[in-house]
Amino acid sequence: MKIAVLTGAGISAESGIPTFRGKDGLWNKYDPMDLATPEAFQRNPKLVWQWYDWRRKLIADAKPNKAHFILADLERKYKDLWIITQNIDGLHQRAGSLKVIELHGNIWTVKCLECGVRYREEKTPLKEIPPRCRNCGGLVRPAVVWFGEPLPKEALEKSYSCTVSAEVFIVVGTSAQVYPAAELPFVAKSRGAKIIEINPEETPITPYTDISIRDRASVGMEKLIKILD
Ligand code: OAD
């Protein structure tokens, strides 16, 4: 059975990582236009890096939760299961998932605006803010996708190919507000996939689901195992 799983911030909520929208969401406290756009970085790289440095520490201290682990188990059971994630926290990989497409990049990778090199930078807290390129000393930025930027081409293409071939498309913990990720469940549906959503709240995807599990991710994933069996 071919399975694609789209995940969002909600799957990491039980690991203690805040989501973006909703009452305790990051975008309720901070303006994404000050922290998550290329223009914001140009204006004030120090401020942007301070915010990312804080998030990197939160993520470093967090552990994958039951939902991440169940997905990693499902990958071993269903050889054709791919995770398409909007998350930059790397928790799927830490739980043991191998087939993970990171649509919005990864918080542990940086790229240099001068020489273009990319590398993993795992120090937390960072020694210097903003950090400098270990190759040329230029300014580096987090290798994540910010508002107004295109998604990495290879990740986007792979996510579409998994989506169109999926027989079952599972959506976990995303508000489905940000495109093109939010479009994938509809693409899957138009190709005949069964859509299963796990989310404590209703989303724009809910009316199009075959099964809607209104629970937090860990509880919902337990129910999902039984449904797939
Ligand atoms: P959001 O914060 O928009 O949505 C989180 C979703 O998770 C909501 O629908 C919640 O109802 C749900 N949720 C909350 N707790 C949950 C739990 N314990 N289990 C399951 N679901 C839960 O996050 P995303 O949809 O991932 O992009 O946001 C998409 C993108 O917008 C992010 O990748 C980020 C953000 O701006 C960029 O920064 C470019």
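No value in this document is a laboratory result; all are computed from the given coordinates. Everything quoted here is computed from the prediction, not taken from an experiment. Neighbour counts run over all protein chains shown; Cβ positions are idealised from the backbone, glycine included.
Here are a few things to note about the model shown:
- Contour minus Cα-Cα distance for R118 and L98 (0.36 nm per residue): 5.1 nm
- The trypsin sites (Lys or Arg not before Pro) of the stretch 72-104 that meet both conditions, a loop assignment by DSSP and at most 11 other Cβ atoms within 10 Å of the site Cβ, are K79.
- Comparing S190, S15, S97 in a Gaussian network model of the chain where C-alpha atoms under 10 Å apart are linked, the largest mean-square fluctuation is found at S190.
- This model, with +1 at the C-beta of Lys and Arg and -1 at the C-beta of Asp and Glu, gives the chain a dipole about its Cα centre of some 540 debye.
- With Cα atoms, 0 to 90° folded angle of helix 217-228 axis to the chain main axis: 40 degrees
- Degrees, to the nearest 10: 66-77 long Cα axis against longest axis of the chain: 60 degrees
- Among R21, R56, R43, residue whose mean-square fluctuation peaks in a GNM of the chain (springs only between Cα atoms under 10 Å): R43
- Over the chain: Rg over Rh, Cα atoms, Kirkwood Rh: 0.97
- Distance histogram for the stretch 22-63 (every C-alpha pair counted, 5 angstrom bins, percent rounded to whole numbers): 6, 22, 24, 24, 17, 6, 1
- Mean residue ellipticity (222 nm) of the chain, computed from DSSP H runs ≥ 4 via -39,500 (n - 2.57), nearest 500: -9500 deg cm²/dmol
- Over the stretch 85-201, the fraction of Cα-Cα pairs per 10 Å bin, rounded to whole percents and listed from the shortest bin up, is 12, 37, 31, 15, 5, 0.
- FRET efficiency, D61 to E149 (Cβ-Cβ, R0 30 Å, nearest 0.05): 0.60
- Of the cross-linked pairs K153/K194; K77/K158; K29/K111; K46/K158; K46/K111; K63/K158, those separated by over 24 Å at the C-alpha level are K153/K194; K29/K111; K46/K158; K63/K158.
- Note on Y179, Y119: ascending count of other Cβ atoms within 10 Å places them as Y179, Y119, the fewest first.
- Among P180, P131, P64, residue whose mean-square fluctuation peaks in a GNM of the chain (springs only between Cα atoms under 10 Å): P180
- Among residues other than A176 with Cβ under 11 Å from its Cβ, the summed charge is -3 (Lys and Arg +1, Asp and Glu -1).
- The Cβ shell under 13 Å around F147 holds other residues with a net charge of -4, Lys and Arg each +1, Asp and Glu each -1.
- In degrees, nearest ten, helix 153-165 long axis to first principal axis of the chain (Cα): 0 degrees
- Site pair K2 and K127 shows an inter-label distance of 4.8 nm when each label is modelled 7 Å from Cα along Cα→Cβ.
- Separation in nanometres of the label points that stand 7 Å from Cα toward Cβ, at L47 and M33: 1.2 nm
- Note on D24 and Y179: their simple-model spin labels are 3.2 nm apart, each label 7 Å out from Cα toward Cβ.
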